[in-house]
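Take a look at the structure set out below.
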Amino acid sequence: SAVISQKPSRDICQRGTSLTIQCQVDSQVTMMFWYRQQPGQSLTLIATANQGSEATYESGFVIDKFPISRPNLTFSTLTVSNMSPEDSSIYLCSGAGQGGNEQYFGPGTRLTVT
Amino acid sequence: DAKTTQPPSMDCAEGRAANLPCNHSTISGNEYVYWYRQIHSQGPQYIIHGLKNNETNEMASLIITEDRKSSTLILPHATLRDTAVYYCIVPPNTGNQFYFGTGTSLTVIP
């Protein structure tokens, strides 16, 4: 299994600003993913973070709004740009290790936009 | 993508077995079934996964029907700490993306 940490754990931001969320894995993982969980709802996949190349975004999510970096096999960032109150959610990252397809999830970053 | 259908909620008495069903009738031959749970305010936790054979680990058992169109997660002796939302997921074999459904909210009752 992999242990995943996220920073910050929570933040309150003003409309129009941007926030970068960091995801660190304690071991090398083949794949990393970013999810959003809006209040009272299930998780929605935002994108697959590809090491050394552009992320692959799901329908309804675009790079200008959610730029993602993955410089190596243990680290990724998600930026929520030009935030509005509708972006208030929990953002989670996950990693899938080599040799297995199960994903391990971070604790999430709770974002509130005012 | 194989879609999954789960009952929205279930109750279980503490100490009894919790049996959580999942339908995945459009699953293809080489797609796995994964089960996760999410305890309030935490990230999802991996429980178990399987392809066609029944699986058991220290947390749970997974029973997959012979035609693979449905499965059941069994928590043999439910405790209050098992109260959570349980998700059954069938990722596509092309990329392992997880598309979460609404899950089953399990409440373990003292």
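The values are calculated or read from the model by the stated rules, or taken from the named source; none is laboratory data. All values derive from a computational prediction rather than experimental measurement. All Cβ positions, even for glycine, are placed from backbone atoms using ideal geometry, and neighbour counts span all protein chains on display. Quick note on the areas: whole protein, heavy atoms, side chains included, nothing else; ligands and nucleic acids left out. Shrake-Rupley method; radii C 1.70, N 1.55, O 1.52, S 1.80 Å.
Values computed for the structure shown
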{"quantity": "Ranked packing of A:58-68, B:24-34, most packed first, by mean Cβ within 10 Å", "calculated": "B:24-34, A:58-68"}
{"quantity": "Value of relative contact order over chain B, rounded to a whole percent, pairs C-alpha under 8 Å and six or more apart", "calculated": "37"}
{"quantity": "Isolated Cys residues of chain B, judged by Cβ distance under 4.7 Å to other cysteines", "calculated": "B:Cys12"}
{"quantity": "Backbone N under 17 Å from the A:Ser53 label point (7 Å along Cα→Cβ), restricted to the range B:80-102", "calculated": "B:94-97"}
{"quantity": "Average beta-carbon neighbours from other chains, 10 Å sphere, peptide A:38-47", "calculated": "3"}
{"quantity": "Across chain A: Cys residues that no other cysteine approaches within a C-beta distance under 4.7 Å", "calculated": "A:Cys13"}
{"quantity": "Solvent accessible area, Å² - B:His77, 1.4 Å probe, full protein context", "calculated": "130"}
{"quantity": "Förster radius 41 Å - calculated FRET efficiency between A:Val62 and B:Leu80 (Cβ-Cβ, nearest 0.05)", "calculated": "0.45"}
{"quantity": "Among beta bridges that DSSP assigns inside the protein assembly as shown, antiparallel share in %, nearest 5", "calculated": "85"}
{"quantity": "Rg/Rg_globular for chain B, with Rg_globular taken as 2.2 N^0.38 Å and Rg from C-alpha atoms", "calculated": "1.01"}
{"quantity": "The range A:45-101 - Rg (one decimal) and Dmax (whole number), Cα, Å", "calculated": "12.2, 40"}
{"quantity": "Peptide ranges A:19-25, B:65-71, A:89-95 listed from the most packed, as the mean C-beta count within 10 angstrom indicates", "calculated": "A:89-95, A:19-25, B:65-71"}
{"quantity": "Of all accessible heavy-atom area on the protein assembly as shown, the percent that carbon and sulfur account for (1.4 Å)", "calculated": "48"}
{"quantity": "Contact order relative to length of the range B:29-88, as percent, for alpha carbon pairs under 8 angstrom and 6 or more apart", "calculated": "32"}
{"quantity": "Cα centroid of the range B:1-37 to Cα centroid of the range B:46-73, whole Å", "calculated": "9"}
{"quantity": "Residues B:Leu51 and A:Gln28, FRET efficiency given R0 of 22 Å [Cβ-Cβ distance, rounded to 0.05]", "calculated": "0.30"}
{"quantity": "Estimated translational D of the range A:1-103 in µm²/s (Stokes, Kirkwood radius over Cα pairs; 10 °C; 1.306 mPa s)", "calculated": "114"}
{"quantity": "Estimated FRET transfer efficiency when R0 is 41 angstrom, pair B:Thr107-B:Ser28 (beta carbons, to 0.05)", "calculated": "0.80"}
{"quantity": "Estimated D of the protein assembly as shown in µm² per second, where Rh is the Kirkwood radius over Cα pairs and Stokes-Einstein applies at 10 °C, 1.306 mPa s", "calculated": "88"}
